[in-house]
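Notes follow the structure.
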Protein chains: 2
Amino acid sequence: MRAALELFTEQGYDATTVNEIADRAGLTKTTFFRHFRDKREVLFAGQDTLIRLLTDAIDAAPGPATPLEAVSAALDALTAAFTDDRRDVGARLRPVIAGHTELQERSALKRAKLAEAMTDALHKRGVSEPTASLAAELGIRAFYDAFDQWADPASKRTLTELTRRTLDELRTALAALD
Amino acid sequence: MRAALELFTEQGYDATTVNEIADRAGLTKTTFFRHFRDKREVLFAGQDTLIRLLTDAIDAAPGPATPLEAVSAALDALTAAFTDDRRDVGARLRPVIAGHTELQERSALKRAKLAEAMTDALHKRGVSEPTASLAAELGIRAFYDAFDQWADPASKRTLTELTRRTLDELRTALAALD
DNA sequence: GAAGTGATGTGACTTGGTAACATCACCATA
DNA sequence: TATGGTGATGTTACCAAGTCACATCACTTC
């Protein structure tokens with residue numbers, strides 16, 4: 001993953017072949033594809049871990065918690081995994097993804113899968129549709145909006161703080177929608 | 001597009017090569033790629049048209065209309081394009097997409113682009129963030145949920161009716177979120 | 001009728017991605 | 001110590017997606 005991100009920023013995503021990535025990592029193309037489904041995935045791996053963070057936190061939320069409270073707890077658990085030393089990785093990742101449609105596609109689906117996982121976890125708590133998915137999508141949206149701010153090197157706050165604040169803003173904007 | 005959908009349902013998406021699609025359409029692989037960015041796109045073409053329907057309708061909405069009213073008008077314009085004779089196309093499309101991650105990715109991005117276009121159109125009306133994008137995303141979600149129902153051959157209602165009803169349900173669920 | 005234009009075909013090429021088989025390190029147990 | 005199993009990697013060959021340069025052909029326009 002490090003080799004890939006280096007090469008992508010050095011030469012661009014398109015100009016980098018999987019063979020080059022594997023070479024720099026001291027491996028072979030075949031081995032690369034044993035670890036990543038395709039060339040894109042090297043930038044998005046580790047999703048299962050994130051999903052587990054979200055769903056475990058929702059499972060562990062206190063019984064009387066409202067859907068949004070459970071989502072908020074899940075986001076706390078999720079964002080705690082993004083320590084400040086990872087901020088620059090996010091910063092280098094963002095422009096690469098922004099410049100390539102195929103990467104945006106992967107990103108869009110990953111996002112949807114995160115929301116879906118959280119939706120399912122809410123269902124297990126007895127939250128019905130469409131409440132569950134609306135709460136989940138709102139939470140994921142807050143996370144992504146906050147991530148964008150966090151990836152900016154100028155930002156000093158933690159991802160957790162930014163996500164909480166963003167979720168609050170979205171909630172008040174929602175209340176004023178009608 | 002017809003040739004591709006036929007072959008996909010006959011032999012499966014993976015087992016169908018672009019050469020086969022082009023052959024059945026009486027064309028060449030090269031010509032295929034002049035019309036579609038890649039193999040997936042043959043199932044998703046025509047998005048520009050849909051975007052124009054949405055944005056034109058929002059531009060044309062009366063000045064005092066609220067964001068959600070403008071979105072609702074846009075959805076009416078959009079869904080009017082899906083006449084009942086297209087219902088079976090949607091029905092055949094759905095399982096193919098559901099069975100292939102690469103197609104779900106494309107679908108997820110298309111959906112995001114529709115919401116983005118509507119968001120921009122709302123900005124032009126003076127609607128600010130995050131109200132604009134929340135209204136747009138809610139509308140697109142209503143459209144996709146309704147489309148799923150509409151693609152079911154058992155359903156007898158028009159896509160416009162289904163979308164209006166779904167949007168209403170989402171709004172009431174939102175109001176009860178807190 | 002000549003020149004321009006747009007859509008298509010041809011053939012060669014790169015690279016992402018897969019599959020079959022071989023190798024090697026490591027570990028367990030007889 | 002030897003034997004065999006297991007998991008990760010390498011080797012090789014292959015297929016199909018996608019690109020490119022060039023040729024062709026129909027059709028328009030002056």
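The values are calculated or read from the model by the stated rules, or taken from the named source; none is laboratory data. As the structure is a computational prediction, the values presented were derived from the model and not from experiment. Here Cβ is always computed from backbone atoms with ideal geometry, including for glycine, and neighbour counts include all displayed protein chains. To get the accessible areas, we keep the full protein, side chains included, count just its heavy atoms, and leave off ligands, DNA and RNA. Shrake-Rupley method; radii C 1.70, N 1.55, O 1.52, S 1.80 Å.
Mind listing whichever residues of region B:15-28 are open to solvent by 70 Å² or more (accessible area, probe 1.4 Å) and near DNA strand C (Cβ under 9 Å from one of its atoms)?
Within region B:15-28, B:27, B:28 qualify.
Does residue A:87 fit the bill of being assigned by TED's automatic domain parsing to the domain that holds residue A:119 and open to solvent by less than 30 Å² (accessible area, probe 1.4 Å)? Even if it seems obvious, please write down each step before you answer.
On the way: assigned by TED's automatic domain parsing to the domain that holds residue A:119: yes; open to solvent by less than 30 Å² (accessible area, probe 1.4 Å): yes.
Spelling it out, residue A:87 is indeed assigned by TED's automatic domain parsing to the domain that holds residue A:119 and open to solvent by less than 30 Å² (accessible area, probe 1.4 Å).
Is it the case that region A:88-99 has a residue that's farther than 24 Å from residue B:178 by Cα and within 14 Å of another protein chain (Cβ to nearest Cβ)?
Within region A:88-99 (the criterion being farther than 24 Å from residue B:178 by Cα and within 14 Å of another protein chain (Cβ to nearest Cβ)), the answer is yes, since at least one residue qualifies.
Just the residues that are open to solvent by 40 Å² or more (accessible area, probe 1.4 Å) and either charged (D, E, K, R) or modelled with pLDDT under 95 (or both), please, taken from region A:100-116. First the steps, then the outcome.
If we filter region A:100-116 for residues that are open to solvent by 40 Å² or more (accessible area, probe 1.4 Å), which is where we start, we get A:101-102, A:104, A:111-113, A:116.
Across region A:100-116, the qualifying residues are A:102, A:111, A:113, A:116.
Which condition from (1) more than 10 Å from chain A (Cβ to nearest Cβ); (2) surrounded by 15 or more Cβ atoms within 10 Å (Cβ to Cβ); (3) touching a Ser or Thr at 6+ places or on another chain (Cβ under 9 Å) is the one that residue B:133 breaks?
Every listed condition holds for residue B:133 apart from (1).
Go through (1) touching a Leu at 6+ places or on another chain (Cβ under 7 Å); (2) more than 9 Å from chain B (Cβ to nearest Cβ) and name the single condition residue A:159 misses.
Of (1) touching a Leu at 6+ places or on another chain (Cβ under 7 Å); (2) more than 9 Å from chain B (Cβ to nearest Cβ), only one is false for residue A:159: (1).
Under 9 Å between Cβ atoms, which residue pairs at least 6 apart in sequence (or on different chains) link something in region A:21-32 that is under 18 Å from residue A:10 (Cα atoms) with a partner that is of a type in the set (S, T, N, Q) and near DNA strand C (Cβ under 9 Å from one of its atoms)?
A:22/A:28; A:22/A:30
Filter region A:146-163 for residues that are over 23 Å from residue A:65 (Cβ atoms) and open to solvent by 10 Å² or more (accessible area, probe 1.4 Å) and give the result. Please lay out each step first, then the result.
Narrowing region A:146-163 to residues over 23 Å from residue A:65 (Cβ atoms): A:147-157.
Once the filter is applied, which keeps residues that are over 23 Å from residue A:65 (Cβ atoms) and open to solvent by 10 Å² or more (accessible area, probe 1.4 Å), region A:146-163 yields A:147, A:148, A:149, A:152, A:153, A:154, A:155, A:156, A:157.
Of the residues in region B:29-56, how many are in a loop (DSSP other than H, G, I, E, B), open to solvent by less than 80 Å² (accessible area, probe 1.4 Å) and within 11 Å of DNA strand D (Cβ to nearest atom)?
Within region B:29-56, the first condition is being in a loop (DSSP other than H, G, I, E, B), and the residues that meet it are B:36-39, B:44-46.
Now restrict to residues that are open to solvent by less than 80 Å² (accessible area, probe 1.4 Å): B:36, B:38-39, B:44-46.
After this cut, where a residue has to be within 11 Å of DNA strand D (Cβ to nearest atom) as well, the list is B:36, B:38-39.
Looking only at that region, the number is 3.
Taking region B:63-92 only, how many residues are part of a helix (DSSP H, G or I) and within 12 Å of the chain's Cα centre (by Cα)?
Going through region B:63-92 one residue at a time, the tally reaches 4.
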